1. When segment 74-86 is examined, which residues are found to be free of Cβ contacts under 8 Å to residues at least 60 places away in the same chain and over 19 Å from residue 106 (Cβ atoms)?
2. Scan segment 83-105 residue by residue and report those that are at pLDDT 95 or above and out of contact with any strand residue (DSSP E or B) (no Cβ under 7 Å at 6 or more places or on another chain).
3. Taking the conditions exactly as written (closer than 30 Å to residue 122 by Cβ, outside any helix (DSSP H, G or I) and outside the structural domain of residue 162 (by TED's automatic domain parsing)), does residue 72 satisfy them or not?
4. Hey, any hits in segment 29-52 for a residue that's surrounded by 14 or more Cβ atoms within 10 Å (Cβ to Cβ), on the phi > 0 side of the Ramachandran plot and in a loop (DSSP other than H, G, I, E, B)?
5. For segment 163-182, how many residues meet the condition of being in contact with a strand residue (DSSP E or B) (Cβ under 8 Å, 6 or more places away or on another chain) and either assigned to a helix (DSSP H, G or I) or free of Cβ contacts under 8 Å to residues at least 24 places away in the same chain (or both)?
6. Starting from segment 127-150, take each residue that is without any contact (Cβ under 8 Å) to a residue 60 or more places away in the chain and list its partners that are hydrophobic (A, V, I, L, M, F, W, C) and not in a helix (DSSP H, G or I), counting only C-beta distances under 8 angstrom and pairs at least six apart or across chains.
7. Conditions first: (1) within 18 Å of the chain's Cα centre (by Cα); (2) among the hydroxyl-bearing types (Ser, Thr, Tyr); (3) surrounded by 12 or more Cβ atoms within 10 Å (Cβ to Cβ). Residue 133 passes all but one, so which condition is the exception?
Amino acid sequence: MTEARQKNINVLAMMHYGLVEHYAGQKNVEPLISNSQNTAMVLINAGIRFMFTGHYHANDSAEFTYEGKTLYDIQTGSPVTPPSTYRIMELNENFLNIVSKHVTDISAQLPGGVSFLTYSDVNITSRLNSFFTYYLHKMFGLPEQNAANLAPYAIGAYKAYFAGDEKISTEETDKLNALPPSLNPLVTILKSVWTDLTPADNEIQLMLK
């Protein structure tokens with residue numbers, strides 16, 4: 001980075017795990033890198049402004065500001081995880097323009113002749129249901145039936161997180177608020193997942209310097 005700054009080279013960096021929380025409390029639920037905040041400060045001081053991350057296959061962007069300088073953690077989805085996102089990036093003068101696109105059809109014949117979008121949604125819903133039913137029971141200690149009952153709410157939140165630019169509906173908020181008080185800690189996490197932090201996720205224009 002010292003050499004890059006001397007030569008006026010813009011560096012776009014990549015890493016696997018997230019560097020910045022994409023929703024409040026994320027580091028207590030999903031992996032971020034160890035010592036993430038201090039590492040972000042070091043990278044900012046080194047001149048890094050853009051870090052492309054993955055792991056969770058969510059199309060979500062977040063930012064961290066330190067001493068007036070901002071680092072953007074641009075998490076990108078994957079074609080294997082609905083809504084099958086990929087990004088197109090363009091360097092234009094002093095801006096990085098990012099547009100998100102989606103795979104909506106494939107040439108292969110799918111079981112039952114269903115569309116790619118239907119096949120993808122059915123599969124991700126089934127996989128997430130199994131994941132959350134197990135996770136909520138084993139990791140949070142919910143009785144199995146309670147875990148199964150809460151799983152659809154977690155599925156809805158995370159599918160929105162995968163898609164980016166999340167916006168919870170009044171109906172979904174009312175449903176979460178109607179859950180038993182004993183589930184409040186988990187409801188708080190789900191509401192946080194639904195809360196989209198700046199900047200925007202799917203179409204972004206960021207200044208390089």
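1. Step one: filter segment 74-86 for residues free of Cβ contacts under 8 Å to residues at least 60 places away in the same chain, giving 75-76, 78-80, 84, 86.
Answer for segment 74-86, where residues must be free of Cβ contacts under 8 Å to residues at least 60 places away in the same chain and over 19 Å from residue 106 (Cβ atoms): 75, 76.
2. Hits for segment 83-105 are 103, 104, 105.
3. Numbers: closer than 30 Å to residue 122 by Cβ: no; outside any helix (DSSP H, G or I): yes; outside the structural domain of residue 162 (by TED's automatic domain parsing): yes.
So residue 72 does not fit the description; no.
4. The answer is yes; a qualifying residue exists.
5. Count: 1.
6. Correct list of pairs: 136/142; 147/140; 150/142; 150/179.
7. The number of the failed condition is (1).
Yes or no, residue by residue, for (1) under 24 Å from residue 102 (Cα atoms); (2) out of contact with any His (no Cβ under 6 Å at 6 or more places or on another chain); (3) acidic (Asp, Glu); (4) assigned to a helix (DSSP H, G or I):
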{"residue": "123", "(1), (2), (3), (4)": "yes, yes, no, yes"}
{"residue": "127", "(1), (2), (3), (4)": "yes, yes, no, yes"}
{"residue": "132", "(1), (2), (3), (4)": "no, yes, no, yes"}
{"residue": "151", "(1), (2), (3), (4)": "no, yes, no, yes"}
{"residue": "161", "(1), (2), (3), (4)": "yes, yes, no, yes"}
{"residue": "184", "(1), (2), (3), (4)": "no, yes, no, yes"}
{"residue": "201", "(1), (2), (3), (4)": "yes, yes, yes, no"}
{"residue": "206", "(1), (2), (3), (4)": "yes, yes, no, no"}
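The values are calculated or read from the model by the stated rules, or taken from the named source; none is laboratory data. These numbers come from a predicted model, not from an experiment. For neighbour counting, all protein chains shown are included, and Cβ atoms are generated from backbone atoms with ideal geometry for every residue, glycine included.
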